[in-house]
1. Taking I180, is it farther than 25 Å from Q118 by Cβ and either surrounded by 14 or more Cβ atoms within 10 Å (Cβ to Cβ) or touching a Leu at 6+ places or on another chain (Cβ under 6 Å) (or both)?
2. Quick check, is D45 more than 19 Å from G123 (Cβ to Cβ), of a type in the set (D, E), more than 16 Å from the chain's Cα centre (by Cα) and surrounded by 14 or more Cβ atoms within 10 Å (Cβ to Cβ)?
3. Collect the residues in segment 183-207 that are surrounded by fewer than 15 Cβ atoms within 10 Å (Cβ to Cβ), among the small types (G, A, S) and in a helix (DSSP H, G or I), keeping them in residue-number order.
4. Only one of these is among the β-branched types (V, I, T), without any contact (Cβ under 8 Å) to a residue 60 or more places away in the chain, closer than 30 Å to K247 by Cα and in contact with a Leu (Cβ under 6 Å, 6 or more places away or on another chain): V21, V14. Name it.
5. Tally the residues that are basic (K, R) and under 28 Å from Q8 (Cβ atoms), restricting the search to segment 26-76.
6. Can you name the residue in segment 104-131 that is surrounded by fewer than 18 Cβ atoms within 10 Å (Cβ to Cβ) and modelled with pLDDT of 95 or more and is also nearest to the chain's Cα centre (by Cα) among such residues?
7. Find all pairs meeting these conditions: Cβ atoms under 6 angstrom apart; at least six residues apart or on different chains; first residue within segment 192-208 and in contact (Cβ under 8 Å) with a residue 12 or more places away in the chain; second residue among the basic types (K, R) and part of a helix (DSSP H, G or I).
8. Give just the number: which of (1) surrounded by fewer than 18 Cβ atoms within 10 Å (Cβ to Cβ); (2) hydrophobic (A, V, I, L, M, F, W, C); (3) within 26 Å of E235 (Cβ to Cβ); (4) modelled with pLDDT of 90 or more does V159 not satisfy?
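The values are calculated or read from the model by the stated rules, or taken from the named source; none is laboratory data. None of the values given here were measured: they were computed from a predicted structure. All Cβ positions, glycine included, derive from the backbone under ideal geometry; neighbour counts span all protein chains shown.
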Amino acid sequence: MQREWNVQFSVLTVYRPIESVGYEYIRTDGKVLQLVTEMSKSIQDIANGCYDTEVRKLARDIARKGDTVWIRMLHEFNSDTYVWGLYPFTTDKIRAFKRAWRRIVNIYCDQGAPVQFQLCFLGTNSSGDKTPFSAFNPGRNYVDQVGVDVYINTNSKLVSLKERLDNGIYDQLLWFNKPIFFGEIGCTPAIGDRGKWMRDAWRSLALDFPQVKAVSYFLECEGPQRPWCLTKQSEINGFVQGLKEFKRLTS
């Protein structure tokens, strides 16, 4: 994409199971690494230490190399998307999530790994539950960035990214008083002019949401119902033009 679109990205996001990260084989070419470590157990199991050995190994590998890595774990936990998800919410599940998060962070810190931690919500869960993001806060000293995954798909009533974020999401992220990131952003062709949507989204991120410090667009297709990839030249042009304007406005 960089070569064909004549752009430069500054962040590389890699999704890996915690059991087989293969950290020593990841090549970043000078980009910041955001490593999404996936854990296929329940939040109670994770809180009780079922992945301590695997986390400790990764922490040692990162410490040995010495480059700073952004770790995003248990992403979209405020949903039922993944096995570690907390929905439907209970007091015990939320407590277990906080214990699990702090337990994992402490392991990285104990091993001296140069790691920063990204707490990543899903914008809205499938039921539309209104439990505030603040209810899941594992502690100020355990989070370095707070963020969200936001998709505009065929079932969305809100079209623009600005409308979606203004619907309570951005304000909830501001509550944490931490730098904000977007772990995944995407839209399907069903929204209409996707090139325009991309340009408008980049411009809105620059002008309307100044606390956003990192943005990752999800540009892969995951079947006919979730075609996040850009296939038309007009869509690519909109993305590239928007990115360049974003860099100009935020430089």
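1. On the way: farther than 25 Å from Q118 by Cβ: no; either surrounded by 14 or more Cβ atoms within 10 Å (Cβ to Cβ) or touching a Leu at 6+ places or on another chain (Cβ under 6 Å) (or both): yes.
Considered against the rule, which asks whether it is farther than 25 Å from Q118 by Cβ and either surrounded by 14 or more Cβ atoms within 10 Å (Cβ to Cβ) or touching a Leu at 6+ places or on another chain (Cβ under 6 Å) (or both), I180 comes out as no.
2. Values: more than 19 Å from G123 (Cβ to Cβ): yes; of a type in the set (D, E): yes; more than 16 Å from the chain's Cα centre (by Cα): yes; surrounded by 14 or more Cβ atoms within 10 Å (Cβ to Cβ): yes.
When the stated conditions are applied, D45 passes them.
3. A190
4. Values: V21 fails: closer than 30 Å to K247 by Cα.
Answer to the selection: V14.
5. Filtering segment 26-76 for residues basic (K, R) gives 27, 31, 41, 56-57, 60, 64-65, 72.
Imposing the further condition that a residue be under 28 Å from Q8 (Cβ atoms) reduces the set to 27, 31, 65, 72.
Within segment 26-76, residues that are basic (K, R) and under 28 Å from Q8 (Cβ atoms) number 4.
6. If we filter segment 104-131 for residues that are surrounded by fewer than 18 Cβ atoms within 10 Å (Cβ to Cβ), which is where we start, we get 106, 109-110, 112, 114, 116, 126-131.
Subsequent filtering for residues that are modelled with pLDDT of 95 or more retains 106, 109-110, 112, 114, 116.
Values: N106: 21, C109: 21, D110: 25, G112: 24, P114: 19, Q116: 13 Å.
Only one residue tops the list, namely Q116.
7. Once the first residue is in contact (Cβ under 8 Å) with a residue 12 or more places away in the chain and sits in segment 192-208, its partners that are among the basic types (K, R) and part of a helix (DSSP H, G or I) give S204/K162; D208/K162.
8. V159 satisfies every listed condition except (4).
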